[in-house]
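Written below as structure tokens is the structure these notes are about.
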Amino acid sequence: MKKISVLFVLLVALTLTASTAAAQQAPFNEVGVTMGHWHIASKDVEANKKLFLAMGGKLMPGANPQIMFPGVLINLVLGTEKGDGATQGSVVNHVGFIVDNVQKRAAQWKAAGVNVLPGGNNRVDQAFVETPDGVRIEILEDKTQSMPIRNEHVHLSLPETEIAKAQAWYAKTFGGKPGTRNNAPVVDIPGVQIRFARADAKQAPTRGRVLDHIGFDVKDHAAFVKKIQSEGIKLDEPPRKSPTGSTITYITDPWGTRIEIVQRAPLGQPVQP
């Protein structure tokens, strides 16, 4: 009986640890920033919720549906945004997850009704998922990772002359580390890699589109706002408290990506769907 009790306690502890890990974002960097969220102005919240849960996300508590993946929170709410226009054609061309096995996960998701598209040039280590609203999500593979899925990147499409400027801006603003991937410029921020690709023309701003904005979480909102204002960045609106108790404001990068800056109230534990 004693051995059974000990095993039961261990199983409960492991379950709680796994749930907590699923609800955690990446640690803050030196300037107190980590990846926060995607804000999808979803016209069909239930369809999007079903899709992201099928892909391995965890439903978080709250009045509006929020789905957590390791490294990113996805807000599914229309709010006052229009939600018109897919990600392709906007500055944020697509976002990306990385999985332990693309073909295995793609088969699971298809069986659950997820619209999975093949990778480019018959690649078996790449796929794409498109939400009913038109959010394009690239799926890449890392067979060495221990978790089934995690957030990986946000892919910005910019005129070629702007890419170096954008890389420098994201590195400076969010304390990111500039580098390259496949000979293309990137900026690494905890929980996400910002990638830059050449666009033939200037792309549409994100505000009002289905992926209305991305968000970064900060450790000290007032301190971070003071930092970016000293660097000449203007706030889109004054900082305020949200109904959940988080402190938020918005900025827009020079190329049209709307960005929420959040000092987030505790999320709580995932809710079983």
Among (1) open to solvent by 40 Å² or more (accessible area, probe 1.4 Å); (2) over 14 Å from Arg136 (Cα atoms), the one test that Gln88 misses: (2)
Residue count for region 114-132, restricted to those that are touching a helix residue (DSSP H, G or I) at 6+ places or on another chain (Cβ under 7 Å), open to solvent by 30 Å² or more (accessible area, probe 1.4 Å) and over 14 Å from Asp100 (Cα atoms): 1
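Could we say that Met68 is open to solvent by less than 30 Å² (accessible area, probe 1.4 Å), farther than 30 Å from Asp200 by Cα and either in contact with a helix residue (DSSP H, G or I) (Cβ under 7 Å, 6 or more places away or on another chain) or not basic (Lys, Arg) (or both) here?
Yes; evaluated as a whole, the condition is true for this residue.
Where residues in region 182-205 are basic (Lys, Arg) and over 21 Å from the mean Cα position of the chain (by Cα), which of them is least open to solvent (accessible area, probe 1.4 Å)? Spell out the reasoning first.
Residues of region 182-205 basic (Lys, Arg): 195, 198, 202.
Retained after the next criterion (residues that are over 21 Å from the mean Cα position of the chain (by Cα)): 198, 202.
Values: Arg198: 142, Lys202: 163 Å².
This residue is Arg198.
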First in region 136-160 and of a type in the set (D, E, K, R), second anywhere and surrounded by fewer than 16 Cβ atoms within 10 Å (Cβ to Cβ) and not in a strand (DSSP E or B), Cβ under 6 Å, 6 or more apart: Glu141/Asp125
Qualifying residue in region 138-151 (condition: surrounded by 13 or more Cβ atoms within 10 Å (Cβ to Cβ), part of a strand (DSSP E or B), in contact with a His (Cβ under 7 Å, 6 or more places away or on another chain) and acidic (Asp, Glu)): yes
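Considering only residues that are of a type in the set (Asp, Glu) and under 20 Å from the mean Cα position of the chain (by Cα), look in region 142-181 and name the one that is farthest from Gln203 (Cα to Cα).
Filtering region 142-181 for residues that are of a type in the set (Asp, Glu) and under 20 Å from the mean Cα position of the chain (by Cα), the one farthest from Gln203 (Cα to Cα) comes out as Asp142.
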Every residue from region 152-161 that is of a type in the set (D, E, K, R) and either part of a strand (DSSP E or B) or crowded, with 19+ Cβ neighbours inside 10 Å (or both): Glu152
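The values are calculated or read from the model by the stated rules, or taken from the named source; none is laboratory data. Keep in mind the model is a prediction, meaning the values are calculated, not measured. When we count neighbours, we look across all protein chains shown, and the Cβ atoms used for this are built from the backbone with ideal geometry, even at glycine. Accessible surface is based on the protein model in full, side chains and every heavy atom, while ligands, DNA and RNA are left aside. Shrake-Rupley method; radii C 1.70, N 1.55, O 1.52, S 1.80 Å.
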